[in-house]
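Reading through the structure tokens given below for one structure.
The values are calculated or read from the model by the stated rules, or taken from the named source; none is laboratory data. From a predicted model like this one, the values you see are computed outputs, not experimental measurements. Cβ placement follows ideal geometry from the backbone for every residue including glycine, while neighbour counts extend to all protein chains displayed. To get the accessible areas, we keep the full protein, side chains included, count just its heavy atoms, and leave off ligands, DNA and RNA. Shrake-Rupley method; radii C 1.70, N 1.55, O 1.52, S 1.80 Å.
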Number of protein chains: 2
Amino acid sequence: MKVNWLIIGAGYSACVLAERIATQLAQKVLIVERRDHIAGNAYDYYNEHGILVHKYGPHIFHTKSKKVWDYLSQFTEWRHYFHHVLGVIEGKKVPIPFNLNSLYALFPPRYAEKLEELLLEKFGFGVKVPILKLRESANGELEFLANYIYENVFLRYTTKQWELKPEELDRGVTGRVPVYISRDNRYFQDTYQAMPKHGYTEMFRRMLAHPNIKLLLNTDYREIINDIKFNRIICTGPLDNFFDYMHGELPYRSLRFQFDTLDQECYQEVGTVNYPNEYDITRITEQKYLSGQTLPKTTLVMEYPQPFVPGKNDPYYPIPREENRERCELYLKEVEKLNGSVLFAGRLADYKYYDMDQATLRALGLFEKEIAV
Amino acid sequence: MKVNWLIIGAGYSACVLAERIATQLAQKVLIVERRDHIAGNAYDYYNEHGILVHKYGPHIFHTKSKKVWDYLSQFTEWRHYFHHVLGVIEGKKVPIPFNLNSLYALFPPRYAEKLEELLLEKFGFGVKVPILKLRESANGELEFLANYIYENVFLRYTTKQWELKPEELDRGVTGRVPVYISRDNRYFQDTYQAMPKHGYTEMFRRMLAHPNIKLLLNTDYREIINDIKFNRIICTGPLDNFFDYMHGELPYRSLRFQFDTLDQECYQEVGTVNYPNEYDITRITEQKYLSGQTLPKTTLVMEYPQPFVPGKNDPYYPIPREENRERCELYLKEVEKLNGSVLFAGRLADYKYYDMDQATLRALGLFEKEIAV
């Protein structure tokens with residue numbers, strides 16, 4: 001088989017690049033995907049109860065980038081959706097990220113007022129203060145608050161999620177968990193927040209519906225790479241795997257999902273409820289909030305964080321530790337040696353925890369800077 | 001790319017053959033499919049309302065063959081289902097095939113009794129009499145009945161379906177339309193009648209979930225056939241197309257489907273209602289009867305028969321006329337000349353109107369007789 005481009009993987013990065021190459025350069029692309037479906041971890045499907053579910057955990061689209069929004073809007077209509085998350089603290093469900101409403105939900109009114117005043121005074125309204133920063137900089141009552149949030153919202157959730165203590169992780173990740181001095185209960189504040197109206201899989205299907213794009217499923221690229229004629233190759237699969245683990249494994253965190261369908265219209269108050277303290281799960285997502293469907297049953301997905309074992313489960317999150325970044329650097333030097341004959345992009349190939357919009361932006365950028373030139 | 005077998009198409013015949021070759025012979029298969037999905041015309045999916053719909057018209061599984069049933073049962077659980085069809089005659093909905101209950105639904109009781117008596121006397125209980133045979137052999141009151149059914153059930157439906165007069169079609173087809181001297185209102189009388197519990201697409205997905213099976217979608221086999229190394233080839237696509245239409249086109253009838261979702265639980269009394277006389281549609285199928293789902297909305301599919309135009313729409317039914325069979329014979333001679341280097345199987349490759357069980361049986365038979373030897 002002869003193509004201009006061989007693309008390994010069929011997730012965000014791969015599909016965006018295939019679409020750009022096929023439509024903008026009129027060149028032929030072969031996508032090779034190990035799984036039997038497109039859309040990567042954003043893959044969704046209607047289950048037997050007719051509910052649109054996310055096979056690999058909830059994916060909520062949000063971006064500040066008009067460029068990403070306009071690009072993806074070519075392939076999907078959107079359902080406007082603000083995602084809300086509540087965290088179970090002392091048996092109460094309070095807004096996450098922890099905000100002024102969370103204060104009032106947990107503490108006696110006059111005490112909450114006092115803490116609110118102190119927060120406003122020290123940081124100002126509308127500011128997101130990373131939990132560890134709050135903890136360091138605070139004193140007196142705010143020190144209590146910082147420790148309270150650290151203990152009840154942050155510590156055990158992080159330990160469940162990563163099986164590491166917070167101090168064993170990079171500040172970048174822990175910085176993701178803020179205290180939001182605001183009454184905005186939404187999980188995201190981006191300009192564009194929405195779900196693809198007919199699902200992610202359908203959006204990617206339309207992206208790939210072009211005669212220049214061939215799609216080979218159920219296939220590890222190693223099985224066919226010697227039998228395909230191609231000019232260039234893009235790898236969106238795991239970086240360490242591409243180089244045969246020559247510098248050792250790049251560690252990932254994995255997840256196990258448990259789906260459960262209940263014979264009732266609704267289960268919880270919002271799309272996602274976090275369990276920072278109790279049980280082994282990190283969170284429960286009720287799929288109907290994401291899809292906006294009106295149906296008599298409801299499907300939940302529970303997430304159990306797991307160690308990643310190659311060949312056994314799927315890699316989800318690069319583990320953000322200095323030693324892993326150093327190992328990644330070794331691989332990036334191997335990438336350099338290839339002199340651009342192989343391009344790498346995506347969460348697995350860049351070993352970076354991209355959100356969906358970041359993956360899209362990264363693929364569009366790669367196309368503009370290194371492909372369409 | 002190197003494989004043992006190249007299979008053109010991803011419908012019933014192709015999937016069954018791929019599965020057999022992969023699991024029984026441990027040989028490698030590449031399936032090449034023009035569309036972006038597997039399962040051929042049996043393809044189903046959950047639409048945005050959560051209803052399992054059949055993209056290419058209703059497919060109801062039924063077979064007398066325990067062999068076929070046992071084979072497919074490896075890849076799906078089943079939902080037991082008896083399909084019922086009503087035909088709109090003089091504004092009333094009566095059982096189709098026309099049976100003794102239809103008689104009583106349309107005629108005054110004493111007249112219906114008389115006709116019933118005559119039918120039982122002449123043909124016996126439980127017998128299916130082809131409508132044209134009834135018309136020829138009958139006299140007196142039965143002649144009236146034969147003409148009535150011919151006019152009201154058969155003639156205009158057949159004309160809509162084929163755009164041909166009944167006498168322009170082979171007797172084989174017209175024999176498909178019987179008068180059933182029975183009170184059994186079911187459309188089929190086979191031992192096994194059921195729907196795949198999670199749909200046909202899921203059944204085929206499981207069939208193909210084997211490391212020996214590679215699946216190339218969005219691809220016409222001509223685009224890649226010179227670049228693939230394979231030992232043998234199986235064509236399940238159109239016979240005339242494979243031979244570049246050297247003996248002219250084999251004509252097919254096509255269909256246009258109109259889907260409609262209503263904000264009500266239920267639309268009609270049974271799975272399918274035929275409109276033999278009024279409108280341009282032949283029938284309306286309510287998908288929920290087939291899937292057994294309990295949902296607040298309901299999706300209907302209306303069928304408009306169409307001429308088949310290659311490249312414009314899809315081929316559905318080989319048109320059963322002597323001249324087409326003769327043309328098919330010319331192609332079968334070309335098949336012979338290939339001395340078994342290319343195998344042909346399926347509705348399109350055999351140019352035969354197979355039901356799903358017949359296609360399965362044909363593929364299993366081909367595997368046993370010409371492949372696993």
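Annotations
- Sparsely packed GluC sites (Glu not before Pro) within the range A:1-83, loop by DSSP, other Cβ within 10 Å at most 13: A:Glu77
- Nearest-ten-degree value, helix A:322-337 long axis tilted from longest Cα axis of chain A: 20
- Computed with a 1.4 Å probe over protein heavy atoms only, the accessible surface of the protein assembly as shown comes to 44 Å² per residue.
- Charge dipole of chain A about the Cα centre (unit charges at C-beta), most positive-ward option of A:Ile31, A:Tyr187, A:Val273: A:Ile31
- In sequence order, calculated HN-Hα J values of the range B:76-86 (Karplus, 6.51, -1.76, 1.60; Hz; x Gly/Pro): 7, 7, 10, 10, 4, 7, 9, 7, 10, 10, 10
- Nitroxide proxy distance, nm - points 7 Å out along Cα→Cβ at A:Asp280 and A:Thr159: 1.6
- Each principal axis of the Cα cloud of the range A:92-225 was taken in turn, and the coordinate range along them, longest first, works out to 65, 34, 26 Å.
- Long-range amide H partners of A:Leu215 with built H, under 5 Å: A:Ile31, B:Leu217
- For the range A:178-285, the list of GluC sites (Glu not before Pro) that fall in a loop by DSSP and count at most 12 other C-beta atoms within 10 angstrom reads A:Glu265, A:Glu269, A:Glu278.
- Whole-Hz Karplus values for the range A:180-195 come out as 9, 7, 6, 10, 7, 7, 6, 6, 10, 10, 5, 4, 10, 9, 6, 10 Hz, taken residue by residue from phi with 6.51 cos²θ - 1.76 cosθ + 1.60 and θ = phi - 60°; glycine and proline positions read x.
- Choice from A:Asn241, A:Asn147, A:Asn226 showing the highest fluctuation, given a GNM over chain A with Cα pairs closer than 10 Å: A:Asn226
- Choice from B:Gly40, B:Gly172, B:Gly11 with maximal GNM fluctuation in chain B (Cα, 10 Å cutoff): B:Gly172
- Nonlocal amide H pairs with B:Thr76, under 5 Å, H built at 1.01 Å: none
- Among the trypsin sites (Lys or Arg not before Pro) found in the range A:312-346, those both in a DSSP coil and sparsely packed, with 12 or fewer other Cβ atoms within 10 Å of their Cβ, are A:Lys312.
- Crossing angle, helix B:356-366 versus chain B [Cα axis fit, 0-90 degrees, rounded to tens]: 40
- Plainly put, the tip 7 Å out from Cα toward Cβ on B:Glu278 is 6.0 nm from that tip on each other copy, the closest given first.
- Teacher prompt: A:Thr294 distances to equivalent labels in other copies, 7 Å Cα→Cβ, nm: 1.9
- ³J(HN,Hα), Karplus 6.51/-1.76/1.60, whole Hz, each residue of the range B:303-308, x for Gly, Pro: 10, 10, x, 9, x, 8
- Computed on chain A, with alpha-carbon pairs under 8 angstrom and 6+ residues apart, the relative contact order is 27 percent.
- Placing a label point 7 Å from Cα along the Cα-to-Cβ axis, B:Pro108 is separated from the same position in the other copies by 9.1 nm, shortest listed first.
- Translational diffusion of the range B:277-373, µm² s⁻¹ [Kirkwood Rh, Cα pairs; Stokes-Einstein; 25 °C; 0.890 mPa s]: 144
- Per residue of A:196-205, other chain Cβ atoms within 10 Å of the residue Cβ number 1 on average.
- Along the axis of the charge dipole computed for the range A:96-180 (Cβ charges of +1 for Lys and Arg, -1 for Asp and Glu, origin at the Cα centre), the listed residues A:Val173, A:Ile131, A:Leu119 are led at the positive end by A:Val173.
- Highest-MSF residue in chain B out of B:Gln287, B:Gln268, B:Gln161 [GNM, Cα springs under 10 Å]: B:Gln268
- Share, in percent, of DSSP beta bridges within the protein assembly as shown that are antiparallel, nearest 5: 65
- Whole-angstrom gap from the range B:152-230 to the range A:134-202, using each part's C-alpha centre: 54
- Filter on A:Lys28/B:Lys352; A:Lys28/B:Lys2; A:Lys214/B:Lys312; A:Lys2/B:Lys337 - keep pairs with C-alpha separation over 24 Å: A:Lys28/B:Lys352; A:Lys2/B:Lys337
- Sorted largest first, the spans of the alpha carbon positions of chain A along the three principal axes are 72, 49, 37 Å.
- Residues whose amide H lies under 5 Å from that of A:Val85, counting only those 5 or more places away or on a different chain, are A:Ile96, A:Tyr187; hydrogens are built 1.01 Å from N in the peptide plane.
- Fraction of antiparallel bridges per DSSP, chain B only, in percent to nearest 5: 65
- Degrees, to the nearest 10: A:12-24 long Cα axis against longest axis of chain A: 50
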